[in-house]
């Protein structure tokens, strides 16, 4: 049995295969996932698992150099946005329109779909390097 990190095999597999500059998306229950992009569906019911708990687990395993979120998030979901930016710390965060965000998901290694039902609870994580 795995000793550290996530027990979720598909998430571990995707992260282990990512290189510098690859992207991974964590999305809410309503985020459309483009055809051809791997879907890791964690959604069990509304709110389970949540966006923040999923992001926390992924950030324990994935070295990131930057992130992207929808420009609509701070206004529509201010509390969640605040918790997300606090968790990201000094990691550079770019804000783009939600339409541009959805376009960028087409290049992701995978989209992790959560049960989150908060508006714009989505993030693109760009893989960094550990050296």
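Results, tabulated for the structure shown:
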read-out	value
Estimated 222 nm signal from helices in the chain, with DSSP H stretches of n ≥ 4 weighted -39500 (n - 2.57), rounded to 500	-9000 deg cm²/dmol
FRET efficiency estimate (nearest 0.05) - Cβ-Cβ, residue 13 to residue 131, R0 22 angstrom	0.50
Equivalent ellipsoid semi-axes - Cα gyration tensor, the chain, angstrom	20, 17, 15
Computed over region 9-127: relative contact order in percent, which uses C-alpha pairs under 8 Å that are six or more apart	53
Packing-based ranking, highest mean first, of 89-97, 37-45 given that Cβ atoms within 10 Å are counted	37-45, 89-97
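Here, each number is a calculation from the coordinates, and none is a lab measurement. Keep in mind the model is a prediction, meaning the values are calculated, not measured. Note that each Cβ is placed from the backbone with ideal geometry, even for glycine, and that neighbours are counted across all protein chains shown.
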